[in-house]
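Any read-out appearing in this document is the output of simple, stated calculations on the displayed coordinates, not a laboratory observation. Here the structure is a predicted model, which is why all the values come from computation and not from measurement. Because the Cβ atoms are built from the backbone with ideal geometry, glycine has one as well, and the counts that use them run over all protein chains shown.
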Amino acid sequence: MYEDLSPQDAAKYAAGKAAVERYAKDGARLGLGSGTTSGWFVRALGERVAEGLDIVGVPTSNSTRDLALSLNIKLIDLNDLSEPLDVTIDGPDEVDKDGDMIKGGGACLLWERLVAEASRKMVCIADNSKLVDHLGNFPLPIEVIPYGWKATRRSIAALLKDLGYEDKEIIQRHKNGEPVITDSGNFILDVKLDKITDKALLDTNLNWLAGVVENGLFTGIASEIIMASPDGSFEII
Ligand code: 5RP
């Protein structure tokens, strides 16, 4: 249906379409991820909805909400769920073979984790460029509340030093010269750790710090990876 896609977009579309075929059954309640890969998933879902598929979705960002609504996908509020979603489908910035991920390149990490944790299952969809041996080359996003954010940054730096990550620069994310503000009104700090060796420990300890709302290291959350190639083939990991 989509012509002239770049090789990477063709792979993202293949991953999204495979997720629709596996999980978008009539009556399904789905978490809808954010970012470009999830955008292809939502478009593939919209194609099936236009053919009569009956599903409801919970979006993980305002941008996914807008895309889903433009495709006539029915949405519900996370607060209106009386039981977990069936599955959340979302893309990573990096993913390893355990299914652990760095997320938040699009600043949607907080809602992404909330929706994933409100689901029975989380499936990671990715083009094969996202698979890495070790997480950490992609800067880890950390969402912090604006109040006292520089003090929070010092706490993060101290924690990282304690965990053996020396001299890592923690940078406040900007776009067009302005601080990025998340859908929940917070700031994003990015820190490139190069090689994360203690994933669960780092994930847990970051979220213990006052001022940290969420971090983009998603450990033990995805139970399946749909990894696609530009030729449209995919494998389930
Ligand atoms: C947004 C995210 C995205 O899912 C992640 O950045 C991947 O994006 P893309 O599919 O565009 O590479 O976590 O916060």
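For the stretch 92-160 versus the stretch 1-61, the inter-centroid distance based on Cα atoms is 21 Å. The residue list 174, 145, 122 was ranked by how far each Cα lies along the charge dipole of the stretch 109-198 toward its positive end, using unit charges on Cβ atoms, and 145 comes out on top.
Considering only beta bridges that DSSP places wholly inside the chain, some 50 percent are antiparallel. Report the calculated FRET efficiency for residue 161 and residue 50 (r = Cβ-Cβ distance, R0 = 35 Å), to the nearest 0.05. For R0 = 35 Å, the calculated efficiency reads 0.10.
For the chain, a simple Cβ point-charge model (Lys and Arg +1, Asp and Glu -1, everything else neutral) yields a dipole of about 440 debye relative to the Cα centre. Annotation for residue 231 and residue 4: the two label points, set 7 Å from Cα along the Cα-Cβ direction, are 2.5 nm apart. Summing Cβ point charges (Lys, Arg +1; Asp, Glu -1) relative to the Cα centre of the stretch 1-131 gives a dipole of roughly 140 debye. Look at the Cα gyration tensor of the stretch 60-125: its axes a ≥ b ≥ c give a/c of at least 1.5 with a/b at or below b/c, and that counts as oblate. Fully extending the segment from residue 150 to residue 134, taken as 0.36 nm per residue of separation minus the present Cα-Cα distance, adds 2.9 nm.
Dipole magnitude for the stretch 60-100: about 320 debye, using +1 per Lys or Arg Cβ and -1 per Asp or Glu Cβ, origin at the Cα centre.
Modelled spin-label separation between residue 83 and residue 194, with each label point placed 7 Å from Cα along the Cα-to-Cβ direction: 4.9 nm.
For the pair residue 210 and residue 117, label points projected 7 Å from Cα toward Cβ lie 2.0 nm apart.
Taking other C-beta atoms within 10 Å as the exposure proxy, 234, 41 rank 234, 41 from fewest upward.
Put simply, the amide H of residue 217, placed in the peptide plane, has neighbours under 5 Å in 103, leaving out anything fewer than 5 places away on its chain. Between the Cα long axis of helix 149-162 and the first principal axis of the chain there is an angle of about 80°, rounded to the nearest 10.
Taking the chain as the reference, fit the longest principal axis to its C-alpha atoms, fit the long axis of helix 36-50 to the helix C-alpha atoms, and give the angle between the two in degrees, 0 to 90, nearest 10. With rounding to tens, the tilt is 20 degrees. DSSP beta bridges confined to the stretch 1-132 are antiparallel in about 10 percent of cases.
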